[in-house]
Amino acid sequence: MYTSPTHRYHELTKGLLFSFLAALPLFIIYEVLILLTAPTTEIIVRISVDLWFKQLLQLIGLDTLNISLLLVLIVGIFILIHKRVELNELRLGYFGVMLVESTLWAILVALVSLSLTNWILTGIAELSSESAVQLSYIQMLTLSLGAGLYEELFFRVLLVSLFIWIFSKWFGTKSWASYTSAILLSAVLFSATHYTGNMGDPFTISSFLFRFQFGVILNGIYVWRGFGVAAWTHALYDMIVITF
């Protein structure tokens, strides 16, 4: 059966293999920048979801970086074995197109968010600038990459997938209701997370709704286009925000 190049690109880049390989640079650059931008070993600015994971490892006495690298290696080997048939279709050009696609998504999300900021959710821009003033540009860039990786892993790959499974059992099928419920619930949790921890923002209804709609958009991108595109969209969006 003939499959168009566009359809095959969509199918492959949504899957595990391409998503893992596309997200791998985010992990490497993020961890390197974390080490380079930390003023001391005690003062390290990390994304909240990453911090939860690292604190859990520390509680059980494990070296966080080594365990993280080991987990990435194990997951990578599993995916390569499980998706070995797709190795024949690896094309460097696909990753370039994924980056362009993610950039277009990020610009679109930024334009939508800007419209909401200017016309509906007044005050969110001031809040964002206040919370970011304590960090250098390179630290904010580091957190942008970390958000794209760890928040997408937790809120999209883990929570959205889990909620889709739960609601599919509840509704009896993977219907639009299952996907919609999963997308909305995960977006609520995604927004709420930004008010936790020492680096958390003061809660306002406008900022909560702003992040909720952002979570809904990212959840939709994940469901339709997979983890790799969603992760890079999130990272590039954050980079646009801190740069412009």
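No value in this document is a laboratory result; all are computed from the given coordinates. Just so it is clear, the structure is predicted and the values come from calculations on it, not from any experiment. Counting neighbours? That spans all protein chains shown, and the Cβs are built from the backbone with ideal geometry, glycine included.
Using the Cα centre of the range 5-243 as origin and beta-carbon charges of +1 (Lys, Arg) and -1 (Asp, Glu), tell me which of Leu153, Val32, Gln58 is placed farthest towards the positive end of the dipole.
Checking the options against the dipole of the range 5-243, the answer is Leu153.
Quick one: if the Förster radius is 51 Å, what FRET efficiency do Leu59 and Ser4 give, using the C-beta to C-beta distance and rounding to 0.05?
Working: r = 50 Å, r/R0 = 0.98.
With R0 = 51 Å, the Cβ-Cβ based efficiency is 0.50.
Given Cα positions, please report Rg to Rh for the range 5-243, the hydrodynamic radius being the Kirkwood one. Working shown, then result.
Working: Rg = 18.1 Å, Rh = 18.8 Å.
With Rh from the inverse mean 1/r over Cα pairs, Rg/Rh is 0.96.
First measure r as the distance between the Cβ atoms of Glu11 and Ser136, then evaluate 1/(1 + (r/R0)^6) with R0 = 45 Å and state the FRET efficiency to the nearest 0.05.
Details: r = 41 Å, r/R0 = 0.91.
Once rounded, the FRET efficiency stands at 0.65.
May I have the convex hull volume per residue, in Å³, for the Cα set of the range 143-228? Before the final figure, lay out the partial values.
Details: hull volume 7.9 nm³, N = 86.
Roughly 92 Å³ of hull volume per residue.
Where the only charges are on Cβ atoms (+1 Lys, Arg; -1 Asp, Glu), what is the dipole of the range 5-243 about its Cα centre, to the nearest 20 debye?
Working: 12 positive and 14 negative charges, 156 e Å.
Using only the charged Cβ atoms, the result is roughly 740 debye.
How far, in nm, would the chain grow between Leu184 and Leu71 when pulled straight, counting 0.36 nm per residue and subtracting the alpha carbon separation? Don't skip to the end; give the middle numbers.
Working: separation 113, 0.36 × 113 = 40.68 nm, distance 2.95 nm.
Gain in length upon complete extension: 37.7 nm.
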